[in-house]
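**Student:** This structure is in structure tokens; I'll ask about it shortly.
What follows is calculated from the coordinates using simple rules that are stated; it is not laboratory data. This structure is a prediction, so every number in the text was calculated from the model and none was measured. Cβ sites come from the backbone with ideal geometry, for glycine too, and all protein chains shown count toward neighbours.
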Amino acid sequence: MQRLDAFMAEAAAAYYARGTGIGRDFTTAPEMSQAFGECLGLWAALTWQAMGAPGRVILAELGPGRGTLMADALRAVDQMVPEFGRALELHLVETSLALRAAQAAKLGDRVAGWHAAVEAIPPGPAVILANEFFDALPIRQFIRRGDGWRERFVAAGAFVEQPSDHTEDAPEGSIREISEASRAVAAALGARIAAQGGALLALDYGPAESGLGETLQALRDNAPCDPLAAPGQADITAHVDFAALATAARAVGAAAHGPIPMGVFLQRLGLIARSAMLAQSAPRQAGAILGAAQRLVAPEGMGRLFKALCIAHPALPTPLGFDA
């Protein structure tokens, strides 16, 4: 029997070690539209300028997948803000050896180093990108039973409830999800940014405010499946508690901007205009290019469910995209 967060951590590690899920089991924004990575690259460059354009800056990505986002970001940076391209030192936080190989094939010698944890990123001012990173971090689940709470463990592919000292007023059957791992990452990076300068941009799915409810899910072959069945064979995730991330970062001295709907954020960054330019230069793919852009920003697509949150040094001006 394992506590749910331990089960999730093992399942996710085994799943990503294979490195074959992206495109088969799920599709991420960078794989849908090159404009997504380009816009984030330019966001990073403008954030670097707002930091005072330090001569050396860490550009880091958490959970870089196949390296698609970063390849698109660097191409845009090299074309539009080459001085940022010369100043940046690229670091990737990735535990999967298979995915590290894919990233190396796509990014080559632009990568200064790979790391297994955020704490291993070298010191210094940093701009950090995290697209669909926090949703893969493990959660604990507590369920209200009678006059108390019980915690969910996993045994033989099913939930087993154990006594818990969790306390909270809520109706019978309510579920509270807590991601201690996500809060720890937000606190670690918030403390680093508050002390050394920079910003973290997180894009992921989840509510703007903390709330009750079960969001544990899994995808296999682009279809929902039982998250407790066949661990390591499916992408197991949960919605991100953005309010908890912001609170953890503020508690260690960082500022937090957002969360705001990702569709709003990407439109402010010019994703639709950039996609229109790409469609014009590739008329045969125009429908697919514009369709992907709409899916990213439309409320009925990814635009509302996905959010953007920025954790930044308190002296940094309101980052691009977060100003009304």
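**Student:** Does Ala155 qualify as being in contact (Cβ under 8 Å) with a residue 60 or more places away in the chain and in contact with a Gly (Cβ under 7 Å, 6 or more places away or on another chain)?
**Tutor:** no
**Student:** Further, regarding this structure: Taking the conditions exactly as written (surrounded by 21 or more Cβ atoms within 10 Å (Cβ to Cβ) and on the phi > 0 side of the Ramachandran plot), does Gly258 satisfy them or not?
**Tutor:** Taking the combined requirement at face value, the residue satisfies it.
**Student:** Still on this structure, I have one more. Does segment 22-39 hold any residues that are farther than 15 Å from Lys106 by Cα and polar (S, T, N, Q), and which are they?
**Tutor:** Correct list: Thr27, Thr28, Ser33.
**Student:** Quick check: is even one residue across segment 241-255 among the acidic types (Asp, Glu), surrounded by fewer than 17 Cβ atoms within 10 Å (Cβ to Cβ) and under 30 Å from Gln141 (Cβ atoms)?
**Tutor:** Taking every residue of segment 241-255 in turn, none turns out to be among the acidic types (Asp, Glu), surrounded by fewer than 17 Cβ atoms within 10 Å (Cβ to Cβ) and under 30 Å from Gln141 (Cβ atoms).
**Student:** Please specify each residue of segment 111-140 satisfying the condition of being free of Cβ contacts under 8 Å to residues at least 40 places away in the same chain, closer than 11 Å to Ala60 by Cβ and not aromatic (Phe, Trp, Tyr).
**Tutor:** Val111, Ala112, Gly113, His115, Ala120
**Student:** Sticking with this structure for a sec: Scan segment 198-227 and report the pairs whose first residue is touching a residue at least 60 places away in the same chain (Cβ under 8 Å) and on the phi > 0 side of the Ramachandran plot and whose second residue is assigned to a strand (DSSP E or B) and surrounded by fewer than 19 Cβ atoms within 10 Å (Cβ to Cβ), with Cβ atoms within less than 8 Å and a gap of 6+ or a chain change.
**Tutor:** Asn222/Phe26
**Student:** Is it fair to say Phe36 is crowded, with 20+ Cβ neighbours inside 10 Å and either over 30 Å from Gly301 (Cβ atoms) or out of contact with any Lys or Arg (no Cβ under 8 Å at 6 or more places or on another chain) (or both)?
**Tutor:** yes
**Student:** To continue, here is another question. Counting only residues that are among the aromatic types (Phe, Trp, Tyr), give me the helices (runs of 4 or more DSSP H) lying completely in segment 241-297 with at least 1 of them.
**Tutor:** Qualifying helices (runs of 4 or more DSSP H): 242-251, 262-268.
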